[in-house]
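Any read-out appearing in this document is the output of simple, stated calculations on the displayed coordinates, not a laboratory observation. It should be emphasised that the depicted structure is a prediction, and the values quoted were computed from it without experimental measurement. Here the Cβ positions follow ideal geometry from the backbone for every residue, glycine too, while neighbour counts run over all protein chains shown.
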Amino acid sequence: MSESPVGPAPRRPDPSVRYLDPSTVRRRPGQRDVAPTWYVADRLLVQGGLPDPIRGRLRRPDDTPDLPSVLQLDPSADDDAEVAGFERAARSQGCHLGVEVRYRQGAEASADTDPLDLVDEDQGFVLRLIADRPDVQPDAWEVLEADSRDESVPWRLNLDHVMSALPFTTHPFTTHPFTTHPFTTHPFTTHPFTTHPFTAHGMREYGAPGSGGRSPVARLGSPPPRRVREDGDHFRTPDGGARPVVAIVDTGIGTHEWFGTYGSGSDDGNGVVIRGASLPDGPIGTYPTPRLPEEDAEIGGASTAPLTGPLDPVAGHGTFIAGIVHQTCPDALLLPVRAVGGSGSAVESEVIESLRRLLRFHRRGLAGEPDSVAIDVVVLPLGYYHEQPEDLQWDHPLSEVLARLREEGVAVVVAAGNDGETRPEYPAAFAPEVDRRATPPRITVPRDTSENRPPILAVGATNPDGTTALFSNDGPWVTCTRPGAAVVSTVPQTLDGPLTPSVRLKERYDDAVRSTIDPEGFQGGFATWSGTSFAAPVLAGEIARELLADRDRRARGDDATLAGSVGSADGGAAERVAAVWRAISGATGGLSHGDVSTPG
């Protein structure tokens with residue numbers, strides 16, 4: 001299963017991460033300043049192919065008979081002849097180099113096979129700094145700096161950033177009885193930026209229950225009305241249109257009366273969630289499943305502080321997003337892609353790999369492969385700040401995989417960020433610049449948007465009264481805003497954190513119990529929460545709704561030019577892209593590609 005919560009995988013150690021502090025970075029004269037960010041200390045993303053001298057020196061580890069995940073770089077080369085600046089910088093730290101590789105589907109190696117012959121070049125590489133001694137602490141930034149001054153290599157290196165999906169929540173350690181808790185500065189248990197909005201006047205209100213923070217509520221009324229076919233086909237509506245598939249790249253989708261049962265080998269998605277979806281070589285999402293169900297963000301939600309609590313910062317995050325899409329477009333199918341854990345942080349290279357695997361799954365669906373479906377919309381509710389955004393190019397590894405998805409008819413919707421900042425957050429800032437004052441809204445700077453490549457859509461958040469939420473990031477790259485503060489949606493009915501009601505006693509006249517509200521008792525299945533993570537799925541649901549209306553109309557014969565099957569979805573790539581453009585235009589009030597030029 002792609003989202004099975006129990007398995008043989010060991011506990012996932014937090015990668016070694018560092019904070020890039022502009023006040024302490026030593027810069028040579030003439031070099032530009034850097035901005036703060038968090039990054040993985042022992043990894044670099046490789047953009048471009050490996051240089052031949054590097055490829056020729058890669059070796060399979062002696063103790064790895066099967067396909068290795070990391071190939072070691074033979075250190076025997078002549079320092080003056082073949083060692084580039086980045087390698088000299090690594091050696092000066094007491095590290096040698098390795099290359100983390102991704103293999104082609106079905107790759108099989110014999111004892112004498114060169115692993116590089118089995119590498120999927122489209123998947124790229126990750127450069128690893130491997131410490132020679134236990135006391136060595138690698139620093140990828142220093143290696144990156146050495147590479148930036150070296151013109152002898154045909155590649156480009158990028159930091160492997162720490163991405164955050166944290167909404168506005170009362171953080172577990174802000175209510176901890178010990179204010180000097182040793183993990184208060186850990187980047188995976190706090191927001192990765194020192195200018196966190198909770199320190200600003202007015203911003204912290206969104207983290208308090210009752211003011212937009214995660215809090216249990218009772219929802220009255222029926223579930224969203226979903227049309228069901230008499231033949232039991234969950235992939236089509238009664239009108240015959242293929243249901244749009246919305247992939248949620250997050251923590252998964254937990255157990256809920258709307259979404260069926262999660263875990264214990266169950267594939268019950270209640271006809272709404274596509275559970276058990278995977279590729280032949282494993283799950284779509286790369287985030288490993290915890291050993292203990294109580295540490296799964298969509299079951300128990302207690303991974304960051306399992307002994308003391310409270311719940312993880314993003315416990316139930318994926319289920320909450322799923323509920324928003326389901327309320328906006330009840331007839332959509334939801335595909336969970338696990339890329340984030342309960343801490344709310346993820347590693348950029350692993351998110352990229354999850355998206356690449358989702359692209360493979362999508363292509364298999366287009367080709368009619370069994371157990372695969374084509375994807376229509378992707379929700380990406382996380383991001384990071386780049387240290388030098390002016391250096392970002394459109395062939396950056398993250399933007400590249402998002403471009404491939406869009407070229408194959410997938411709408412990409414991302415959260416704008418929750419810091420009340422104008423500083424661009426990525427991938428949201430990959431979106432084209434939009435004049436939101438115009439009617440209809442107009443793309444002013446297309447970036448990599450074209451008729452054949454629909455735009456990335458960055459979504460900010462509004463308050464219940466329609467005003468913009470104070471925490472919502474903004475800039476010309478924000479496409480639009482949608483409700484994102486004090487939103488009501490679904491949470492796993494298995495979530496019951498260690499915080500308890502302030503008063504609890506036996507009822508006097510019957511066997512019931514009376515108490516104050518349990519702040520972490522979500523057995524009722526609904527909560528309020530705030531964040532641009534919850535504004536993005538509103539737009540995603542609106543796009544899915546537009547796509548489905550188009551398909552139903554054609555299936556009924558109103559316009560029979562776009563027909564298709566469950567496996568291949570509707571039409572070829574060009575028709576799918578055109579349909580996505582129409583859906584985006586309909587959902588955003590007229591945004592179109594009329595003035596957009598094809599990127600050079």
For residue 37, what residues show an amide H to amide H distance below 5 Å, using hydrogens built from the backbone and excluding near sequence neighbours? 20
Yeah, segment 314-431 with a ≥ b ≥ c from its alpha-carbon gyration tensor (a/c under 1.5 is rounded, else prolate when a/b outruns b/c, oblate otherwise) is oblate
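Compare the peptides 370-382, 532-544 by average per-residue count of other Cβ atoms within 10 angstrom and give them in order, highest first.
Working: 370-382: 24.1, 532-544: 29.1.
The densest-packed peptide leads the list: 532-544, 370-382.
Quick check: from the Cα gyration tensor, does segment 303-368 come out rounded (a/c under 1.5), prolate or oblate?
On the way: a/c = 3.60, a/b = 1.45, b/c = 2.48.
The shape class here is oblate.
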In what order do 487, 34 fall by count of nearby beta-carbon atoms within 10 Å, going from fewest to most? 34, 487
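Could the peptides 129-138, 448-457 be put in order, highest first, of the mean number of other beta-carbon atoms found within 10 Å of their residues?
Details: 129-138: 13.6, 448-457: 22.2.
Ranked from most to least packed, the peptides come out as 448-457, 129-138.
Sorted by mean Cβ packing within 10 Å, highest first, what order do the peptides 155-166, 496-507, 432-443, 270-281 take? It would help to have the intermediate numbers written out before the result.
On the way: 155-166: 23.6, 496-507: 12.8, 432-443: 15.6, 270-281: 19.0.
Going from most to least packed, we get 155-166, 270-281, 432-443, 496-507.
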Long-range amide H partners of residue 411 with built H, under 5 Å: 377, 378
